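A.B. asks: The structure's right below; bear with me while I get my questions together.
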Amino acid sequence: MTRRFPYLFLSLLLLCTACTQKRGSGDKMIFHYNESGGIQTLDPAFSSGQAVIWACNQLYNGLVNLDDSMRIVPAIAKSWEISDDGLIYTFHLRSDVCFHNTDFYPFKEKRVVKAADFAYSFGRILDGSVASPGAWVFQKVKRKADGTPCFEAVDDTTFRITLSESFPPFLGILTMKYCSVVPREVVEHYGKDFRNHPVGTGPFKFQLWQEGVKLVMRKNPDYFEKDEQGEPLPYLDAVAVSFIVDKQSVFMEFMKGSIDFMSGVEACYKDALLTKDGQLNPEYKEEITMLTGPYLNTEYLGFMLKDKGDGNPLLNRKVRQAINYGFDREKMMKFLRNNVGYAGTAGFIPMGMECFDAEKVKGYDYDPGKAAKLLEEAGYPHGKGLPPISVAVSVNYVDLCQYIQHELAQIGIDLRLDVTQGAQQREMMRSYQLPFFRGSWICDYPDAENYMALFYSKNLQPNGSNYTHYVNPTFDKLYERSQRCTDEEKRNEYYQRMDSLLMADAPVVVLYYDQVVRFTRKEVTGMGINPINMLDLRRVKIGS
């Protein structure tokens, strides 16, 4: 018990000073942000969802990382080699990376990360008793005769992974927070309570978590990375996360300066912060910095193409194409999204992905004349004989679908909105109960395979993510060739050809490619922006 008193005292002191310190006056730099939806765990084995991923990114490292340009860069692995057949990945580890020394689990001496720690950490993700939602990231890893995965600590600084088949996106998958390294002795000591006793190697270490109230992470004085001038990272002294549920209250706290950072645009303050064309309101230019960039998220409407023998008109490709041509995406983005995002007039692969090319992959512009002609060719001139079409949509997207509903009515398509709860809609979508539905896909790793896999016939439900039940043998052959191709430029060409096929077959209506929008107080510097919206606080400063 005696060890806990200074820990609690320091935590409470930090919480008090966080509320009263003046920024940029030589005091401690404490960065504040809010998580309205809460944080469920600090165990990277369960790092699903942005709130958990952001917190884990401060606490943990893996073998490799992504920079803001989506390039794979060294982290704990200083270098690596991939065998010519794409099966064996050999990583050479830094020898100066240590696990956090915390008040609740003090190591007697510096605990250096070794290759065996990665073998344990990755094996833990695959352990059925752990039930990590990230087990899929290692599905391509080869199994030994006894069923154990081929994670090998060759020596203390050499770690090897063997795959069962070539999978070029694998290195990018290893940048996910599931693939963080954790110390076996701490995990085994706390068991399931490791979720609130986290020990990693990241730029910040755990200090206090009062669930639903405050999370505090303090600077890791032993962090291994330095800036270009040789100064140790991070610059911040601490990170404090609040859990205010009401979005309007969060906005007010941000405007008062109690919160340093907000991500995204909520309806309750959209028109206050942004002009109609998506720029920062000039009224706030002296107080706030706005950062924007592509976000690897495609928002779409999906058609379920499984023939149930009920005469579904959406199985007719020309009807699907008519819907695609029948509304103005540019107008939709301007008036309903304040131009936050980019009209989805290219393929399914979003802007921000390396192979995105609107010249090579043509989607659908607004062309009501062409839409009308397609309807006539499909046997529904001016929409005559076409039964009402129902689209399943959650509350947050009703306004977009109402706009599309109005636009399609002009060409004779009667669109009905079936408003459902998000969780219910997802479950019905996965079980092929929805002929037409709204969906979105945020990339899990920086490779367009993540998007094309949604349409690969072997990924049909219940075991995969092909929610549209799209089946095209030509697409499948291109997908399989792309996964045997280790030449990145050639693989991107395969992705573009697949995306062009999708657009021609129209199993989806691409609505828009999302946008990362970040707001910081003017005194905050060093905040980057990236297409996966990862929160990286290593180089952030507050004040001069």
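Since every read-out is calculated from the coordinates, none of them should be taken as a lab result. All of these numbers come straight from a predicted model, not from anything done at the bench. As a convention, Cβ positions derive from the backbone with ideal geometry for all residues, glycine included, and neighbour counts pool all protein chains shown.
A.B. asks: Please list the helices of the chain that count as membrane-span-like by this rule: a mean Kyte-Doolittle hydropathy of at least -0.5 together with Cα atoms stretching 15 Å or more along the helix axis, each helix being a complete DSSP H run.
C.D. replies: 4-20, 115-126, 398-409
A.B. asks: A follow-up question, please. Give me H382, H32 ranked fewest to most by other Cβ atoms within 10 Å of their Cβ, as a rough exposure proxy.
C.D. replies: With the fewest neighbours first, H382, H32 line up as H382, H32.
A.B. asks: Would you mind computing the Rg to Rh ratio of region 295-516 from its alpha-carbon coordinates, Kirkwood style for Rh?
C.D. replies: 0.94
A.B. asks: Provide the FRET efficiency to the nearest 0.05 for the E359-K108 pair, computing r from the beta carbons and using R0 = 45 Å. Mind dumping the intermediate values first?
C.D. replies: On the way: r = 61 Å, r/R0 = 1.36.
It comes to 0.15.
A.B. asks: So how far apart, in nm, are the two label points at Q402 and R481 if each is 7 Å from Cα heading toward Cβ?
C.D. replies: 4.7
A.B. asks: Going by C-beta contacts inside 10 Å, put E377, E283, E407 in order with the fewest on the left. Intermediate values should be presented prior to the final figure.
C.D. replies: Numbers: E377 14, E283 10, E407 20.
The most exposed by this proxy come first: E283, E377, E407.
A.B. asks: Would you mind ranking K522, K308 by Cβ crowding within 10 Å, fewest neighbours first?
C.D. replies: If I rank by nearby Cβ atoms, fewest first, I get K308, K522.
A.B. asks: DSSP loop trypsin sites (Lys or Arg not before Pro) in region 221-280 with at most 11 other Cβ atoms within 10 Å of their Cβ, which ones?
C.D. replies: Within region 221-280, the qualifying trypsin sites (Lys or Arg not before Pro) (loop, at most 11 other Cβ atoms within 10 Å) are K276.
A.B. asks: Calculate the FRET efficiency for A409 and R539 from the Cβ-Cβ distance with a Förster distance of 51 Å, rounded to the nearest 0.05. Can you show the working numbers first?
C.D. replies: Working: r = 51 Å, r/R0 = 1.00.
Efficiency at R0 = 51 Å is approximately 0.50.
A.B. asks: Could you check what % of the DSSP bridge pairs in region 295-516 are antiparallel, to the nearest 5?
C.D. replies: Here the antiparallel bridges make up roughly 65 percent for region 295-516.
A.B. asks: If you don't mind, there's one more thing I want to ask. Evaluate the relative contact order of region 295-516 (contact order divided by residue number), counting alpha-carbon pairs under 8 angstrom at least 6 apart; express in whole percent.
C.D. replies: About 36 percent, as a whole number.
A.B. asks: Beyond 22 Å, what percent of the Cα pairs of region 216-337 remain?
C.D. replies: I get 63 percent for the Cα pairs in region 216-337 exceeding 22 Å.
A.B. asks: Considering just Cα atoms, how many Å³ per residue does the convex hull of region 391-482 enclose?
C.D. replies: For region 391-482, the hull spanned by Cα atoms encloses 128 Å³ per residue.
A.B. asks: What percentages, rounded to whole numbers, describe P(r) for region 385-428 computed over all alpha carbon pairs with 5 Å bin width beginning at zero?
C.D. replies: 5, 23, 29, 21, 14, 8, 2
A.B. asks: OK, next. Quick one: compute the contact order of the chain, relative version, from alpha carbon pairs under 8 angstrom and 6+ residues apart, as a percent.
C.D. replies: For the chain, the relative contact order is 19 percent.
A.B. asks: May I pose another question? Run the helix sum for the chain: -39,500 (n - 2.57) per DSSP H stretch of 4+ residues, divided by residue count, reported at 222 nm to the nearest 500 deg cm²/dmol. Spell out each step's value before the answer.
C.D. replies: Numbers: 15 runs with 149 residues, N = 544.
Result for the chain: -8000 deg cm²/dmol, rounded to the nearest 500.
A.B. asks: If the chain between K334 and K226 were fully stretched, how many nm would it gain, using 0.36 nm times the residue separation less the Cα-Cα distance?
C.D. replies: 34.6 nm
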